[in-house]
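Okay, structure first, notes after.
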Amino acid sequence: MIASSNTYLQANTLTTQIQIMLNELNFNAGPEDGIYGNKTKTALESFYQKNKNS
């Protein structure tokens, strides 16, 4: 149980970091809460689309 808790916390932290980066780049990932919701998904897809040829 502890391992899965640690994995969840790490994923949650990574998602928060991604949300912060996307928001700083004006991709509107929504609140920086560590939850991979629709706004985060859409923002990440937009980021990939814009940078796919870079």
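Within the shell of other residues whose beta carbon sits under 13 angstrom from the beta carbon of GLU45, the net charge comes to +4, with Lys and Arg scored +1 and Asp and Glu -1. For the chain, the longest principal axis of the Cα atoms and the long axis of helix 38-51 meet at an angle of about 50 degrees. Considering helices alone, the calculated mean residue ellipticity of the chain at 222 nm is -23500 deg cm²/dmol, with DSSP H runs of length four and up weighted by -39500 (n - 2.57) and normalised per residue.
Please work out the ratio of the alpha-carbon Rg of the chain to 2.2 N^0.38 Å and round it to two decimals.
Compactness ratio reported: 1.24.
For segment 20-40, the residues whose amide N sits under 18 Å from a probe point set 7 Å from the Cα of LEU9 along the beta carbon direction are 33-35. A Gaussian network model of the chain, with springs between Cα atoms under 10 Å, assigns the largest mean-square fluctuation among ASN38, ASN23, ASN12 to ASN38. Applying 0.36 nm per residue to the separation of LYS41 and LEU25 and subtracting their alpha-carbon distance, the gain on full extension is 4.3 nm.
A short reminder: the numbers here are calculations on the coordinates, not readings from a lab. Being a predicted model, the structure only gives us computed values, none of them experimental. Cβ coordinates were reconstructed from backbone atoms using ideal geometry, including for glycine residues, and neighbour counts include every protein chain displayed.
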